[in-house]
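First the structure, in the form of structure tokens, and then the observations on it.
The values are calculated or read from the model by the stated rules, or taken from the named source; none is laboratory data. Every value quoted in this text rests on a predicted model; they were computed, and no experiment measured them. With ideal geometry, Cβ positions are generated from the backbone for all residues, glycine too; neighbour counts draw on all protein chains shown. Just so you know, the surface numbers come from the protein's heavy atoms only, side chains and all, with ligands and any DNA or RNA stripped out. Shrake-Rupley method; radii C 1.70, N 1.55, O 1.52, S 1.80 Å.
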Amino acid sequence: MNRLLITMLFILTMNVQSFAQQMIPKQKGFEISYSVFPNSPEKQNYVLAVGMISYSKNGKYVFGRAEYSRKYFEYKDYDIPIDTFLLNAGYSFYLIGDSMRNVNLNFGLGALAGYEVVNRNKPLIYDGSLLNTTESFVYGVSGKLSLESYLTEHIVFVVDGQLRFLQNSQLGTLHSLIGVGLRYNF
């Protein structure tokens, strides 16, 4: 269902023509995004993010985001919730786009730092098992490939894929995400 939704929105945005000045240096934008972990179990595993961007020359931009993610770790018949709070800051490089820059492909690199809470900070599981760690500081790097399409002069639809390397995470060190978002440039 998610793939169908992303495909439909991508097809709709490919036909939109916007003739405003776009990606002007020092132009700012506010972004909201929703991402999912691919191949996650039936429980809803997601990432919600809000952030700001600031364009520089040639369509490149600096970004900063605050993120909250919820992922479940399957243990016997019990799902252990893992909540992560992250700050993600980095730089995105313009790769390619159409001549009017209505549709663009960007590659971003970012630094991650945050906090992870396992099982709502409760060390005891229902069957009497004890968790070794219920909270930890996490840090790492991320790479992001995003397809950005202008819907109007100010609104940008974003589809992205991310690969993250997080140290001290209870979920492992590599995480991948697929997401969609909206950005309002002002």
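Calculate the spin-label point distance for LEU105 paired with ILE125, positioning each point 7 Å from the Cα along the beta-carbon direction, and give it in nanometres.
Taking the two extended label points, one gets 4.3 nm.
If the only charges are +1 at each Lys and Arg Cβ and -1 at each Asp and Glu Cβ, what is the size of the charge dipole of the range 106-186 around the Cα centre, to the nearest 20 debye?
80
Heavy atoms only, probe 1.4 angstrom, no DNA, RNA or ligands counted: give me LYS76, LYS71, LYS144 ranked by accessible area, highest first.
Per-residue accessible area, sorted high to low, gives LYS76, LYS71, LYS144.
Lys/Arg Cβ at +1, Asp/Glu Cβ at -1, dipole of the range 114-179 taken about the Cα centre: which of VAL138, THR173, LEU124 is farthest positive-ward?
LEU124
In a shell of Cβ-Cβ distance under 11 Å around GLY59, excluding GLY59 itself, what net charge do Lys and Arg (+1) and Asp and Glu (-1) give? Intermediate values should be presented prior to the final figure.
Values: positive: LYS57, LYS60, ARG101; negative: GLU148.
For residues surrounding GLY59, the net value is +2.
Any chance you could give the angle, 0 to 90 degrees and rounded to 10, that helix 2-14 forms with the longest Cα principal axis of the chain?
So the inclination is approximately 10 degrees.
Could you give each residue of the range 109-119 its phi-based ³J(HN,Hα) in whole Hz, using Karplus coefficients 6.51, -1.76, 1.60 with θ = phi - 60°, and x for Gly or Pro?
Karplus values, whole Hz, x for Gly and Pro: 10, x, 9, 10, 8, x, 9, 10, 10, 9, 6.
For THR84, THR173, write out the residues from largest to smallest accessible area, computed with a 1.4 angstrom probe and no ligands counted.
On the way: THR84 10, THR173 60 Å².
The residues order as THR173, THR84, largest area first.
What's the FRET efficiency of SER176 with TYR68 using the Cβ-Cβ distance as r and R₀ = 22 Å, to the nearest 0.05?
Once rounded, the FRET efficiency stands at 0.80.
Under 14 Å from the Cβ of GLU31, count the other residues' Cβ atoms, weight Lys and Arg +1, Asp and Glu -1, and hand me the total.
The answer is +1.
Counting only residues 5 or more places away or on other chains, whose amide H sits under 5 Å from the amide H of ARG101 once H atoms are built in the peptide plane?
Answer set, sorted by chain and number: none.
Could you check the simple spin-label distance between LYS26 and TYR78, using points 7 Å along Cα→Cβ, in nm with one decimal?
Label at LYS26, label at TYR78, 5.7 nm between them.
If ligands, DNA and RNA are left out, what is the accessible area of ILE32 with a 1.4 Å probe, given in Å² to the nearest 10?
Probe radius 1.4 Å; accessible area of ILE32 about 90 Å².
Report, ordered by chain and residue number, the lysines lying within cross-link reach of LYS57, taken as a straight Cα distance under 19 Å and ignoring same-chain residues fewer than 8 apart.
Cross-link targets: LYS26, LYS28.
Once every DSSP H run of n ≥ 4 in the chain is given -39500 (n - 2.57) and the sum is divided by its residues, what mean residue ellipticity at 222 nm do you get, rounded to the nearest 500 deg cm²/dmol?
That calculation yields -2000 deg cm²/dmol at 222 nm.
Sort out for me the Cα centre separation of the range 114-132 from the range 59-99, rounded to whole Å.
23
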